[in-house]
Amino acid sequence: MLAATDAPESLVVASRALGLAYRELGDADAADQYLRKAIRRAEAAGLDRRAGEARMSLVGVLADRGDLAAALAEADAAAPVLRGADAGRLLAQRALVLGRAGRLDDALASYREALRQVRQERDPRFEAGILNNLGTLQVYRGEVRLAEATLRRCVEVASRAGLNHLATLARANLAFAAMRRGDIPRALALFDEVENALDTTGGRVASIRLDRAEALLTVRLVGEARTVLASTIESLKAGGFAADLAEARLMLARAELQDEDSEAATRTAVAARDDFARQGRVGWAVLAEYIAVQARADSGERSEQLLLVAQRVAGELARRGWAVPAAHSRIVAGRVAVALGRLTVAERELAEAGSARNSGPVGLRASAWEATALHRLAQHDRRGARAALVAGLRVVEEHTASLGCTELRVHAAEWGQDLASLGLYLAFQSRRPRAVLAWAERWRAGALRLAPARPPHDPWLAETLAELRGVVDELTKAAAEGAETRALRTTQVRLEREVRQRSRHTRGARHQPSRLSVRELVEALGERALIELIRYDETLVAVTAVEGRFRLWPLGGYDDALRAMGAMRFFLHRLARRHGTAASLEAARKGLRHAADQLDADVLRPLRGAVGDRELVIVPTGRLHALPWSALPSIADRPVTIAPSAQVWLNATGATRRRRNGGAVLIAGPGLDHADAEVTALHARYEPAVALTGEEASADAVRTALDGADLAHIAAHGRFRTDNPLFSFLYLADGPFMVYDLERLASAPRQLVLSACDTALSAVRPGDELTGVASAFLSLGTETLVASVTPVHDDETRELMVAFHDRLAADLSPARALAEATRTSGVLGFVCFGAG
């Protein structure tokens with residue numbers, strides 16, 4: 001408790017300490033109040049040095065609030081009375097303000113002089129503080145490797161002096177540097193470590209969360225980034241941190257731009273620019289204008305005015321040391337110049353940005369290669385344009401491969417969308433079916449082609465998954481009994497968040513790029529026919545391959561096909577439930593036949609002249625991955641294999657030549673009427689098989705049994721999680737067996753049958769990147785998988801499965817065995833995936 005009778009110097013010191021404490025707690029207004037009180041008391045008592053110290057602290061608070069002119073004025077007022085180490089500290093504060101103003105070169109010079117002065121005084125606290133801020137500045141300047149060395153030195157100095165909080169802040173900036181270098185798993189691991197170590201309030205943590213949001217945008221987790229930004233913006237508003245608030249709005253504009261909301265991105269960027277202008281942060285205002293320029297270009301604008309603005313912004317950013325956004329602005333200028341026919345201007349701008357093709361964030365490099373392709377096209381160099389597009393997609397593929405987590409991989413692949421679209425356009429212009437197929441395959445199910453990056457042995461992750469399994473099991477039972485579930489749902493959300501975050505730390509495996517070999521594809525197809533569906537300008541196009549002949553076929557509209565498929569799935573749901581009168585069920589059958597005939601007429605019937613009655617390998621696109629193919633008239637009784645891509649199918653067929661000695665594994669989950677009887681019936685066919693039923697069918701036992709099995713059959717309830725496909729599961733004796741559990745398998749079963757509803761459903765991201773139970777098994781090495789894309793009644797499922805395994809045991813291929821079992825049982829909904 002401070003009293004008016006205390007010594008004046010004690011009151012000054014205490015007021016300053018309270019101001020610094022409030023700043024750390026995230027209350028800039030209270031911090032400002034106490035520091036000004038310290039200055040008044042010091043000046044009244046003639047304590048010039050103490051007043052200078054308080055002013056030095058106020059510099060940082062004013063910078064937080066965005067009042068940079070006032071911050072520099074306070075620094076000027078403090079300078080005459082501070083000597084030695086204090087003078088160096090003041091220089092460091094001034095450098096922080098200059099950095100926030102976007103004067104990066106001036107800030108760098110101030111930090112270096114401050115560091116020289118502080119080192120003479122041997123003050124580890126302020127040396128570490130300056131190193132931390134200097135490292136951050138070097139990241140902004142694009143000197144990432146140098147920044148990491150500076151920040152590691154900061155951690156070393158701070159840790160040796162017992163300054164654990166400062167060491168933690170330096171690790172947060174190391175995460176920022178790793179993110180800018182493209183090492184997202186490392187960045188996310190450091191962000192998690194830091195947030196767990198710091199208090200969850202205050203401007204420091206808000207700043208760290210802004211950096212995390214940028215990392216999420218780097219892997220195109222836009223929804224999650226916007227959630228982080230929304231909560232951070234509210235926190236900054238409440239704390240009065242105007243400077244960080246403006247930066248958060250700038251980051252939000254980036255997220256809106258990535259979310260293809262150019263109008264919102266423009267509004268938010270302009271608002272951020274105005275905030276920066278009011279704060280005197282001219283450099284940051286130019287950064288906001290750069291986002292607005294991108295938004296205008298993404299909305300389709302190609303005008304002389306936009307070209308001039310992009311050129312001006314690029315020049316201003318380069319002068320202020322913002323290397324990466326400067327290069328991106330030049331790319332925008334180059335693309336606009338190409339569209340306007342200003343080839344000389346385009347060549348100059350793209351040459352300036354040329355280094356961006358080989359360094360910087362993945363989004364920048366992908367854009368640089370696309371701009372190069374556009375420039376070469378304008379010069380009528382189609383071969384050079386194709387080479388640039390291939391190089392750009394290789395950058396995206398390498399970045400995707402560096403990520404070990406499936407969730408990150410399928411999102412990060414979106415960086416290739418514009419490159420692949422332009423390549424596909426050029427292929428269609430050539431009217432060569434092989435070229436169209438090659439380009440469709442370059443950006444299709446790429447994550448499934450990568451070597452699986454299984455997380456390292458992690459006891460924490462195993463324990464958390466087990467805890468989550470128990471919570472979901474308890475939640476399911478409580479919900480069935482009508483009991484209160486809010487606490488359990490809260491725990492489930494927390495555990496799922498922890499599992500997701502931990503899994504994202506996994507690094508990718510070394511990647512050897514593979515390209516579709518037409519010769520190998522033709523050889524592997526033999527007498528089978530390939531149908532690869534491609535979505536192009538909202539229509540469907542097919543490439544067929546039959547006996548080495550490739551043909552291109554225009555088909556119906558993509559949306560029309562989705563409507564027909566939606567009707568088919570609706571009627572199959574009705575029939576599986578068997579609810580309603582006999583007349584209503586007959587109406588459902590008629591509706592199913594009508595919708596199937598309509599879709600068949602649009603998609604498959606035009607191809608019958610080419611494919612005849614051959615066995616088919618079909619590569620769907622988009623939401624057509626959920627189509628119950630056996631219900632289509634053109635499929636009838638023929639064997640059909642569905643594959644995510646022709647390359648994935650080719651890889652799987654190559655693997656089928658290598659059989660395993662793991663034997664058969666038969667598993668029955670709880671609550672499924674036919675499961676135990678189905679496993680009992682199959683056990684006699686596969687003696688000596690491993691059979692797990694009842695309480696024996698636990699997650700750990702099932703995972704152990706599946707590892708390395710030649711054939712596995714699982715009869716269990718399944719659920720596809722549309723909100724997060726990687727938490728889709730098969731329900732076992734002790735709860736859900738999730739995709740995250742599957743990824744811990746060392747060797748997935750060679751052949752797998754999932755006798756459960758909807759277990760073949762997958763979420764589909766751009767580039768036909770799939771996530772779900774079925775796609776997880778395929779990515780882990782399962783060669784052939786039979787599963788359902790719709791609900792099927794229990795007794796019908798058992799009948800189909802017994803018939804299927806009878807034929808499989810008679811040495812029929814899985815695709816042919818399923819076709820014959822479907823014909824004899826009349827059960828629709830099961831699909832054969834993979835090699836077939």
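Annotations for the structure displayed:
- Among the residues of segment 784-805, those that are open to solvent by 10 Å² or more (accessible area, probe 1.4 Å), of a type outside the set (Val, Ile, Thr) and touching a helix residue (DSSP H, G or I) at 6+ places or on another chain (Cβ under 8 Å) comprise 791, 793, 796, 798, 799, 803.
- Only listed residue being touching a Ser or Thr at 6+ places or on another chain (Cβ under 9 Å) and either within 24 Å of residue 248 (Cα to Cα) or of a type in the set (Ser, Thr, Tyr) (or both), chosen from 20, 58: 20
- Residue check, residue 469 in contact with a strand residue (DSSP E or B) (Cβ under 8 Å, 6 or more places away or on another chain), in a loop (DSSP other than H, G, I, E, B), more than 23 Å from residue 196 (Cβ to Cβ) and touching a residue at least 24 places away in the same chain (Cβ under 8 Å): no
- Cβ pairs under 8 Å, 6+ apart, first in segment 544-572 and without any contact (Cβ under 8 Å) to a residue 60 or more places away in the chain, second surrounded by fewer than 17 Cβ atoms within 10 Å (Cβ to Cβ) and not in a helix (DSSP H, G or I): 547/527; 554/539; 555/539; 556/539; 557/538; 557/539; 559/538
- Residue 129 passes every criterion in (1) open to solvent by 60 Å² or more (accessible area, probe 1.4 Å); (2) within 17 Å of residue 60 (Cα to Cα) apart from (1).
- Enumeration of residues in segment 67-87 that are in contact (Cβ under 8 Å) with a residue 40 or more places away in the chain and within 23 Å of residue 124 (Cβ to Cβ): 85
- Here residue 396 qualifies as assigned to a helix (DSSP H, G or I), in contact (Cβ under 8 Å) with a residue 24 or more places away in the chain and surrounded by 24 or more Cβ atoms within 10 Å (Cβ to Cβ).
- Per this entry, residue 78 is not counted among residues that are buried (at least 24 other Cβ atoms within 10 Å of the Cβ), farther than 22 Å from residue 157 by Cα and within 44 Å of the chain's Cα centre (by Cα).
- 1 or more residues touching an Asp or Glu at 6+ places or on another chain (Cβ under 8 Å): qualifying helices (runs of 4 or more DSSP H) within segment 726-836: 773-779, 794-809, 814-825
- Verdict on residue 538 being closer than 24 Å to residue 420 by Cα and either touching a His at 6+ places or on another chain (Cβ under 6 Å) or free of Cβ contacts under 8 Å to residues at least 40 places away in the same chain (or both): yes
- Residue 59 vs. criteria β-branched (Val, Ile, Thr) and open to solvent by less than 50 Å² (accessible area, probe 1.4 Å): yes
- Every condition in (1) crowded, with 19+ Cβ neighbours inside 10 Å; (2) modelled with pLDDT of 90 or more is met by residue 271 except one, and the failing one is (1).
- Pair list, Cβ under 6 Å, 6 or more apart: segment 789-806 residue in contact (Cβ under 8 Å) with a residue 60 or more places away in the chain and farther than 9 Å from residue 825 by Cβ, other residue crowded, with 22+ Cβ neighbours inside 10 Å and basic (Lys, Arg): none
- Residue check, residue 709 in a loop (DSSP other than H, G, I, E, B), closer than 19 Å to residue 787 by Cβ, touching a residue at least 40 places away in the same chain (Cβ under 8 Å) and out of contact with any Phe, Trp or Tyr (no Cβ under 9 Å at 6 or more places or on another chain): yes
- Any hit, segment 404-416, residues being in a loop (DSSP other than H, G, I, E, B) and either touching a helix residue (DSSP H, G or I) at 6+ places or on another chain (Cβ under 7 Å) or under 28 Å from residue 461 (Cα atoms) (or both): yes
- Residue in segment 276-284 that is among the basic types (Lys, Arg) and open to solvent by less than 20 Å² (accessible area, probe 1.4 Å) present: yes
- The set of residues from segment 677-707 being open to solvent by 20 Å² or more (accessible area, probe 1.4 Å), modelled with pLDDT under 90, out of contact with any Leu (no Cβ under 7 Å at 6 or more places or on another chain) and not hydroxyl-bearing (Ser, Thr, Tyr) comprises 677, 681, 684, 685, 687, 688.
- Any chance residue 279 is modelled with pLDDT of 90 or more and polar (S, T, N, Q): no
- Search result, residues across segment 153-173 that are under 24 Å from residue 508 (Cα atoms) and open to solvent by 20 Å² or more (accessible area, probe 1.4 Å): 171, 173
- When residues in segment 113-124 are screened for being at pLDDT 85 or above and either under 38 Å from the mean Cα position of the chain (by Cα) or not in a helix (DSSP H, G or I) (or both), 0 of them pass.
- If you check 435, 478, 447, 451 for being in contact (Cβ under 8 Å) with a residue 12 or more places away in the chain and surrounded by 15 or more Cβ atoms within 10 Å (Cβ to Cβ), only one passes: 447.
- Candidates 479, 440: the one that is small (Gly, Ala, Ser), within 26 Å of residue 409 (Cα to Cα) and either assigned to a helix (DSSP H, G or I) or modelled with pLDDT under 95 (or both) is 440.
- The residue of segment 317-376 that is farthest from residue 402 (Cα to Cα), among those that are open to solvent by less than 30 Å² (accessible area, probe 1.4 Å) and of a type in the set (S, T, N, Q), is 329.
- Matching residues in segment 637-676 - criterion: being at pLDDT 90 or above and in a loop (DSSP other than H, G, I, E, B): 638, 639, 643, 644, 645, 669, 670
- Criterion (in contact (Cβ under 8 Å) with a residue 40 or more places away in the chain, surrounded by fewer than 19 Cβ atoms within 10 Å (Cβ to Cβ), assigned to a helix (DSSP H, G or I) and of a type outside the set (Lys, Arg)) met by exactly one of 192, 106: 192
- In the set (1) small (Gly, Ala, Ser); (2) touching a residue at least 24 places away in the same chain (Cβ under 8 Å); (3) surrounded by fewer than 24 Cβ atoms within 10 Å (Cβ to Cβ), the condition left unmet by residue 815 is number (3).
- Residue in segment 91-103 that is at positive phi and under 44 Å from the mean Cα position of the chain (by Cα) present: yes
- Number of the exception - residue 280 against (1) on the phi > 0 side of the Ramachandran plot; (2) within 30 Å of the chain's Cα centre (by Cα): (2)
The values are calculated or read from the model by the stated rules, or taken from the named source; none is laboratory data. Quick caveat, the model's predicted, so the values are computed rather than measured. Every residue, glycine as well, gets a Cβ built from its backbone with ideal geometry; the counts of neighbours run over all protein chains shown. What goes into the accessible areas is simple: the full protein's heavy atoms, side chains included, and nothing from ligands, DNA or RNA. Shrake-Rupley method; radii C 1.70, N 1.55, O 1.52, S 1.80 Å.
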